[in-house]
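Okay, so here's the structure we're looking at.
Just so it is clear, none of the values below were taken in a lab; they were calculated from the coordinates. The shown structure was predicted, so the numbers you read here are calculated from the model rather than taken from an experiment. Because the Cβ atoms are built from the backbone with ideal geometry, glycine has one as well, and the counts that use them run over all protein chains shown.
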Amino acid sequence: MNISKLESAIEKKLDELGVPSKLNGYHYIKTGCMLVYKDDRLLSLVTKILYPEIAKIHSTTVVRVERSMRNAIDVMFKRNDKLRKRPTNSALITTIVASLQ
């Protein structure tokens, strides 16, 4: 899948889940999904490699990446009646990437 199609598919999934695109966490989750799609080994190294890579791409800190993603997921969870349990950052990325393959 080329980059623009991948980006569009991730954005569509995030929109379906109710993650507001105005939040920084939306963009960090999207970037995380793109990175994991390319290399799924990053899921086992979320705090050591994935968050720092997202932070580097977006010129921010690892703490802000993690917190912003968590906030975006909280908003999504409150908007989405279908979810019984709030997913973790890595669980959401895993779910989105799995749905693309």
Listed with the fewest Cβ neighbours within 10 Å leading, Arg67, Arg41, Arg79 appear as Arg41, Arg79, Arg67
Once the in-chain neighbours fewer than 8 apart are removed, the aspartates and glutamates whose Cα is under 19 Å from Lys38 read Glu7, Glu11, Glu53
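For each of Ile3, Ile29, count neighbouring Cβ atoms within 10 Å of the residue's Cβ, then give the residues from fewest to most. Present the calculation step by step, with values, prior to reporting the outcome.
Numbers: Ile3 9, Ile29 27.
Listed from fewest to most nearby Cβ atoms, that is Ile3, Ile29.
Which value at 222 nm does the chain reach when only helices count, each DSSP H run of 4 or more adding -39,500 (n - 2.57), with the total divided by all residues and rounded to the nearest 500 deg cm²/dmol? Mind showing how you got there, number by number?
Working: 5 runs with 67 residues, N = 101.
The per-residue figure over the chain is -21000 deg cm²/dmol.
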So, relative contact order of the chain in percent, Cα under 8 Å, 6 or more apart, is 35
Lys and Arg at +1, Asp and Glu at -1: neighbours of Ile54 with Cβ under 14 Å from its Cβ sum to +4
Total charge of the residues flanking Ala9 in space, meaning their Cβ is under 15 Å from its Cβ, with Lys and Arg +1 and Asp and Glu -1, is +1
Going through Lys12/Lys82; Lys13/Lys56; Lys5/Lys48; Lys30/Lys56 one by one, the pairs whose alpha carbons sit over 19 Å apart turn out to be Lys13/Lys56; Lys5/Lys48
Counted neighbours (other Cβ, 10 Å), sorted fewest up, put Leu14, Leu100, Leu50 in the order Leu100, Leu14, Leu50
With R₀ set to 25 angstrom, the calculated FRET efficiency between the beta-carbons of Arg79 and Ala9, to the nearest 0.05, is 0.75
